[in-house]
Amino acid sequence: MTCFSPSGEIVYVKIFHVDMIIVNSRRMAYELFDKRSSIYSDRIHLPMINDVMGWGWGLSFQRYGERWRRHRRAMHEKFHIGVVDAFMPSQLKHTRELLRRLLSTPEDYAEHLRHVTYGIHVKAEDDPHIMAAEESLKAFEEAGVPGAFLVDIFPWMKYIPHWVPGAVFKQKGRKWAKSISDMKELPFQTTKAAMLQGAADKCFVASHLEDLEKLKGVPQDQEDVIKNTAGIIIPTGLDTSVNTMITFVLAMALFPEVQRKAQAELDHLLGEARLVEFEDRLELPYISAICKEILRWHPLLQQGFAHATSEDDIIGEYFIPKGTIVIGNSWELLHDEADFGPDTDKFIPERFSNPAARDPALTGAFGYGRRICPGRHMAENSLFIQIASMLQVFEISGPRDAIGKKRPLEYTFSSGVLSVQSYRALSQPESLYFKLQHEKQL
Ligand code: HEM
């Protein structure tokens with residue numbers, strides 16, 4: 001069953017016994033996710049992810065309440081806007097490494113982005129931390145769509161033993177559960193062991209554990225809270241940041257006039273004197289506008305990440321029962337011409353020179369209300385330094401044929417929880433050009 005509010009601002013859908021509303025306007029998103037945030041900040045319990053795969057410890061899947069609040073606080077303490085600049089030296093160092101890697105094998109740009117995004121000391125190939133996180137992410141891609149597994153509709157199925165013929169979901173779940181557990185345990189144990197030897201870098205886990213030693217009267221399970229929170233950083237932050245950068249590479253190949261304008265801004269400020277740094281940000285308004293336009297033009301989570309209601313509610317004449325899935329239609333909000341000016345399907349960073357244009361980060365690109373992405377300040381810093389540095393050093397262009405003639409650029413975006421650009425096509429050796437502009441500085 002489907003019904004629309006007269007204005008189309010919300011759409012109500014019922015699938016089997018599941019109630020769902022889709023929020024299509026910024027006004028309604030503000031009304032529900034912000035003004036009524038105590039009702040609209042829950043998540044539904046997905047038996048496949050939480051019980052079969054054992055991922056209930058992940059902040060993103062936790063129900064709204066005291067447990068979630070403690071995990072969210074642990075995240076906030078290290079990533080809020082007042083402290084996040086502490087990551088800048090490491091973000092800069094890894095961006096420089098990205099440039100050097102791009103210089104040697106530009107065709108592997110997607111891999112290089114993946115490798116340097118976090119600044120964890122990963123081995124070049126088959127790093128166990130990254131492999132566990134990537135397996136878990138693949139599992140999430142499959143299981144994160146509500147209803148993808150029947151056990152989400154008939155929760156009693158979670159009791160079926162894995163050896164029952166046909167219980168494929170249980171066999172998959174067992175396999176994924178191992179990667180999900182490794183993803184949480186391995187980095188935590190590695191850091192703890194390094195701390196004991198006095199050799200740990202200042203990182204999320206080390207800094208929390210140091211604080212913990214000094215604090216008195218903390219709950220006994222606080223170490224678990226730290227471990228759980230650390231364990232969710234890679235799966236929530238890695239694919240989102242890397243794929244946003246891959247969208248940037250695509251946009252630069254598709255819109256060379258934007259790239260030229262950005263490079264002119266960088267050249268005017270820095271010439272060949274030095275490589276760009278965080279301190280230059282205020283003097284690079286066009287680069288900052290590109291960062292915003294990347295988040296707006298093709299948002300990675302087009303339908304956000306589903307919230308749920310924790311109490312019954314009434315919107316106008318509609319009754320919204322407790323347990324309703326609530327989806328913020330981020331694509332719609334980020335393409336609303338009333339907020340972003342004309343031609344919102346086109347990549348036009350100039351739209352942000354109008355002071356009335358909204359900030360995409362606060363219009364759905366990072367989600368909504370109390371659940372809004374806690375890593376967004378760190379992500380925005382990463383985007384800025386990586387985008388500015390890549391534009392300063394390379395010219396990015398689309399595919400060429402054997403004699404160097406430009407070929408049309410083909411690309412697709414997937415339609416899963418994350419709308420990921422198919423970079424397989426783009427990363428064919430001959431297909432993307434990174435022409436060097438300022439090698440000396442590397
Ligand atoms: C460009 C990069 C990123 C994008 C586009 C992005 C986007 C999002 C979105 C749309 C949500 C769902 C919010 C909601 O439920 O309303 C979210 C949640 C979350 N993000 Fe991000 N994110 C990014 C980077 C990061 C990074 C770098 C981290 C970690 C350092 C991170 C950690 C998280 C966590 C833990 C949640 C779950 C929050 C909760 O359920 O309370 N994200 N993100």
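Here are some notes:
- Restricting W163, W176 to residues that are at pLDDT 90 or above and either among the hydrophobic types (A, V, I, L, M, F, W, C) or assigned to a helix (DSSP H, G or I) (or both) narrows the list to W176.
Yes or no, residue by residue, for (1) within 25 Å of S41 (Cα to Cα); (2) surrounded by 21 or more Cβ atoms within 10 Å (Cβ to Cβ); (3) in contact with a strand residue (DSSP E or B) (Cβ under 8 Å, 6 or more places away or on another chain):
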| site | (1), (2), (3) |
| --- | --- |
| E277 | no, no, no |
| L295 | yes, yes, no |
| D312 | yes, no, yes |
| Y318 | yes, no, yes |
| I325 | yes, no, yes |
| L334 | yes, yes, yes |
| E337 | no, no, no |
| G341 | no, no, no |
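- Conditions (1) within 16 Å of the ligand (Cβ to nearest atom); (2) farther than 23 Å from W156 by Cα; (3) not aromatic (F, W, Y): number failed by L99: (1)
- Picking from residues in region 51-86 that are assigned to a loop (DSSP other than H, G, I, E, B) and among the aromatic types (F, W, Y), the one that is farthest from K158 (Cα to Cα) is Y64.
- Some residue of region 238-248 being closer than 18 Å to R351 by Cα, within 14 Å of the ligand (Cβ to nearest atom) and crowded, with 21+ Cβ neighbours inside 10 Å: yes
- Residue in region 66-89 that is in contact (Cβ under 8 Å) with a residue 60 or more places away in the chain, within 16 Å of the ligand (Cβ to nearest atom), within 28 Å of F149 (Cα to Cα) and buried (at least 20 other Cβ atoms within 10 Å of the Cβ) present: yes
- Those strands (runs of 3 or more DSSP E) of region 255-350 in which at least 3 residues are under 26 Å from S241 (Cβ atoms) and within 16 Å of the ligand (Cβ to nearest atom), considering only elements entirely within it, cover 325-328.
- When E265, E213 are checked against the criterion of being among the acidic types (D, E) and at pLDDT 90 or above, a single residue qualifies: E265.
- Exclusive hit being more than 30 Å from D336 (Cα to Cα), among the β-branched types (V, I, T) and buried (at least 20 other Cβ atoms within 10 Å of the Cβ), set I21, I49, I10: I49
- Residue check: G367 meets all listed conditions (1) at negative phi; (2) of a type outside the set (D, E); (3) within 11 Å of the ligand (Cβ to nearest atom); (4) out of contact with any helix residue (DSSP H, G or I) (no Cβ under 6 Å at 6 or more places or on another chain) but one, namely (1).
- Scoring I44 on the criteria (1) in a loop (DSSP other than H, G, I, E, B); (2) modelled with pLDDT of 95 or more leaves a single failure, condition (2).
- Yes/no for E223 being under 23 Å from R400 (Cα atoms), part of a helix (DSSP H, G or I) and either touching a residue at least 12 places away in the same chain (Cβ under 8 Å) or away from the ligand (no atom under 16 Å from the Cβ) (or both): no
- In region 380-409, residue farthest from the ligand (Cβ to nearest atom) [restricted to those that are modelled with pLDDT of 95 or more and among the hydrophobic types (A, V, I, L, M, F, W, C)]: A388
The values are calculated or read from the model by the stated rules, or taken from the named source; none is laboratory data. All values reported here derive from a predicted model rather than from experimental measurement. Note that each Cβ is placed from the backbone with ideal geometry, even for glycine, and that neighbours are counted across all protein chains shown.
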